[in-house]
Amino acid sequence: MEMPGENSAGALRPAAASIVLRLRRALIWVPLAAIAVAVIWALAAAAVFDGPNGAVAGPVMAAAGVVVLVAAATFAGYLLRPLRLDVDADAFTVRLPTWLAGRTDWDEVSAVSAVAVRSGPRVRRFLVVDLRSPALPWISRPRAMYRRLAPVLGRAKGAHGLCFEEQLFDFDATAVLDAVRRLAPAEVAVEDRTAQPADSSWQF
């Protein structure tokens, strides 16, 4: 009789899920505009360095160019290497366009929720991942958005987490919940709260 081996054990593990968060079509102009600004800056910088005041204005243009190039590279990344969520039985991983993948073991995840927020006549939906410790760079969009949204959702001051916006990215937050329910341990709370929008005075 054949003994169960490593392959059969692996076959019992649920298949991992990968969700690509592409920019919505209406926002494609943003990275294209950022790239155009970077090209214009490069042409202007070359002219300044060759001009009579190049010794003074050149370094200023170079310093400003660092910001322009970082912004252009970040936005271009959303076109060439879109943000991606990988969910498996061991971890929740976020791959930013211009950053190494940020892997978070399920032990560090307390909850994953799909939420809706109402501001005036608008209702926006988000995927919210509550964490026990920080993940991703402080300035990254998912982490910064969580800081802005946390008070609206009743999270404690200084809480850690990530937030992904349906208004920016072409994905369905509730579909991600399906993958999390299938793969995450039972200790991770999974909630769909989109039917009860939280009210916010914050305009977004």
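For region 78-204, what is the Kirkwood estimate of the hydrodynamic radius, computed as the reciprocal of the mean inverse distance between distinct Cα atoms, to one decimal in Å?
Hydrodynamic radius (Kirkwood, Cα pairs) of region 78-204 is 14.8 Å.
Which ³J(HN,Hα) values, rounded to whole Hz and listed in residue order, are derived for region 162-179 from phi using the Karplus coefficients 6.51, -1.76 and 1.60 in 6.51 cos²θ - 1.76 cosθ + 1.60 with θ = phi - 60°, glycine and proline given as x?
9, 9, 10, 9, 5, 6, 9, 10, 7, 8, 10, 4, 5, 5, 5, 4, 4, 5
Ordering Ser18, Ser201 by accessible area with a probe of 1.4 Å, largest first, what comes out?
Ser201, Ser18
In whole Hz and in residue order, list the ³J(HN,Hα) couplings for region 72-77 that follow from phi through the Karplus curve 6.51 cos²θ - 1.76 cosθ + 1.60, θ = phi - 60°; x for Gly and Pro.
Listing the rounded values in order: 5, 5, 5, 5, 5, x Hz.
Between Ile40 and Ala144, what is the label-point separation in nm under the 7 Å Cα-to-beta-carbon projection?
The modelled label-to-label distance comes out at 2.1 nm.
So if I average 1/r over every pair of distinct C-alpha atoms in region 138-204 and take the inverse, what Kirkwood radius in Å does that give?
13.6 Å
Long-range amide H contacts for Ala135: which residues qualify at under 5 Å (H placed 1.01 Å from N, peptide plane, sequence gap of 5 or more or a different chain)?
Gly161
Taking just the alpha-carbon atoms of region 121-169, what radius of gyration and Dmax come out, in angstrom?
So, for region 121-169, Rg and Dmax equal 10.6, 34 Å respectively.
Magnitude of the Cβ-charge dipole of region 64-204, K/R +1 and D/E -1, about the Cα centre, nearest 20 debye?
580 debye
Would you calculate the separation in nanometres between label points at Glu108 and Arg25, each defined as 7 Å from the Cα along the Cα-to-beta-carbon direction?
Going from the Glu108 label point to the Arg25 one covers 3.7 nm.
Mind giving me the FRET efficiency for Arg155 and Leu32? R0 is 35 Å, r the Cβ-Cβ distance, nearest 0.05 is fine.
Efficiency, from the Cβ-Cβ distance: 0.50.
The values are calculated or read from the model by the stated rules, or taken from the named source; none is laboratory data. In this text, all values refer to a predicted model and were calculated from it rather than measured experimentally. Positions of Cβ are generated from backbone atoms using ideal geometry, with glycine treated the same way; all protein chains shown enter the neighbour counts. With ligands, DNA and RNA removed, areas are computed over all heavy atoms of the protein, side chains included. Shrake-Rupley method; radii C 1.70, N 1.55, O 1.52, S 1.80 Å.
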